[in-house]
Amino acid sequence: MAAIDMKNIVKKYGDGFPAVNDVSIDVQDGEFMILVGPSGCGKSTLLRMIVGLEDITTGDMMIGDKRVNDLAPRDRNLAMVFQNYALYPHLTVYENIAFPLRLAGAPESEIDQKVREASKTLELDEHLERKPGNLSGGQRQRVAMGRAIVRDADAFLFDEPLSNLDAKLRGQMRTEISRLQKRLGITTVYVTHDQTEAMTLGDRVAVMKRGVLQQLASPRELYENP
Ligand code: ADP
Ligand code: ADP
């Protein structure tokens, strides 16, 4: 059973040409799936339908064995990692990671245990008292992922997380995201328009064009059969 199974997904805005046109993608448990294609091809729309921020016109969106078409975002147990990392500047790293647990009313002992565990995994345990403004881009990204980890999310979803960075930092972050994803073994869907990013990060790459899925293959297969 796929972790996230998109079946014949269609999205129409108004009565124009579908933004997403009969797309089926089976994201396997622990897989790093890339959605790639030029601006306007429908990749953000598809990601937003996975998270629940956009209604699905037709098709089935399955998370595990559950059809989630009509579930609110908060009931899907997915973690969107935003481009700007969405960290609270006035809170420490510890409090930023703890935030979703506090919202959920978790007991202090559980919060402490989960935050310490996550920060160890993410190698942030020496920075817990710092504030986001004093962290590197890579560290900020890890805090954002930490916040997702403590929620025990079923998957990470990234929408062009590196597109605002310069080339050097982008390369570093790419390596970092890839390493962390493998270590955590968490199912990941990652949207980018950047071919290099797609080919270096993904276990598989879904290539989209004008709302249609053109190819779904590993980077190796895509190199050999472009
Ligand atoms: P991408 O993420 O690949 O750049 P999008 O998913 O943002 O593509 O957009 C796919 C298509 O849907 C585009 O033609 C875009 O103009 C259209 N679109 C996206 N969002 C909306 C919206 N809220 N209302 C109407 N059209 C939209
Ligand atoms: P600031 O003055 O720090 O830029 P805003 O005025 O933009 O903050 O904040 C608008 C809303 O967004 C606030 O209700 C705040 O709770 C929320 N917010 C601000 N910063 C963040 C963040 N880094 N992550 C998530 N939500 C935030």
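Observations
- Segment Asp166..Glu224, full-extension length gain: 17.9 nm, with 0.36 nm per residue of separation and the alpha-carbon distance subtracted.
- Each residue of region 44-49 was assigned a 3J(HN,Hα) from its phi angle through the Karplus expression (A = 6.51, B = -1.76, C = 1.60, θ = phi - 60°), giving 5, 4, 5, 4, 5, 6 Hz with x at Gly and Pro.
- Under 30 Å from the Cα of Lys209 - lysines, other chains or at least 8 residues apart: Lys7, Lys11, Lys12, Lys43, Lys66, Lys168, Lys182
- For the chain, the calculated P(r), taken from all Cα-Cα distances in 10 Å bins from zero up to the bin holding the longest distance, is 8, 33, 35, 19, 5, 0 percent.
- Rolled with a 1.4 Å probe across the full set of protein chains, the surface gives Glu54 an accessible area near 40 Å².
- Average accessible surface area per residue within the chain, 1.4 Å rolling probe, Å²: 49
- Taking the charge dipole of region 95-146 about its Cα centre, with +1 at Lys and Arg Cβ atoms and -1 at Asp and Glu Cβ atoms, the residue from Leu135, Leu101, Thr121 reaching farthest to the positive side is Leu135.
- Among Gly42, Gln172, Ala155 the positive-end extreme of the charge dipole of the chain (Cβ point charges): Gln172
- Here the accessible area is traced with a 1.4 Å probe on the protein chains. For the chain, carbon and sulfur cover 47 percent of it.
- Heavy atoms of Phe82 accessible to a 1.4 Å probe, total area in Å² rounded to 10: 100
- Whole-number D in µm² s⁻¹ for region 92-226, Kirkwood Cα-pair radius fed into Stokes-Einstein, 4 °C, 1.567 mPa s: 80
- Anchor Lys120: aspartates and glutamates whose Cα lies under 19 Å away (excluding residues fewer than 8 positions away in-chain): Glu95, Glu108, Glu110, Asp112, Glu129, Asp152, Glu176
- Along region 120-134 the Karplus relation, 6.51 cos²θ - 1.76 cosθ + 1.60 evaluated at θ = phi - 60°, assigns HN-Hα couplings of 5, 4, 8, 6, 10, 5, 8, 10, 4, 8, 7, 10, x, x, 9 Hz to successive residues, with x for each Gly and Pro.
- Where only DSSP H runs of four or more residues are counted, the chain gives -10500 deg cm²/dmol as its mean residue ellipticity at 222 nm, each run worth -39500 (n - 2.57).
- C-alpha long axis of helix 93-103 to longest principal axis of the chain, angle in °: 70
- The separation of region 169-226 from region 92-116, counted between C-alpha centres, amounts to 31 Å.
- Phi angles of region 15-24 translate, via the Karplus equation with coefficients 6.51, -1.76, 1.60 and θ = phi - 60°, into HN-Hα couplings of 10, x, 5, x, 5, 10, 10, 6, 9, 10 Hz per residue; Gly and Pro are given as x.
- Given charges at beta-carbon only (K, R positive; D, E negative), |dipole| of the chain in Debye: 420
The values are calculated or read from the model by the stated rules, or taken from the named source; none is laboratory data. From a predicted model like this one, the values you see are computed outputs, not experimental measurements. Using ideal geometry, Cβ is built from the backbone for each residue, glycine included, and neighbour counts are taken over all protein chains shown. The protein model used for the area step is the full one, side chains on, heavy atoms only, and it has no ligands, DNA or RNA in it. Shrake-Rupley method; radii C 1.70, N 1.55, O 1.52, S 1.80 Å.
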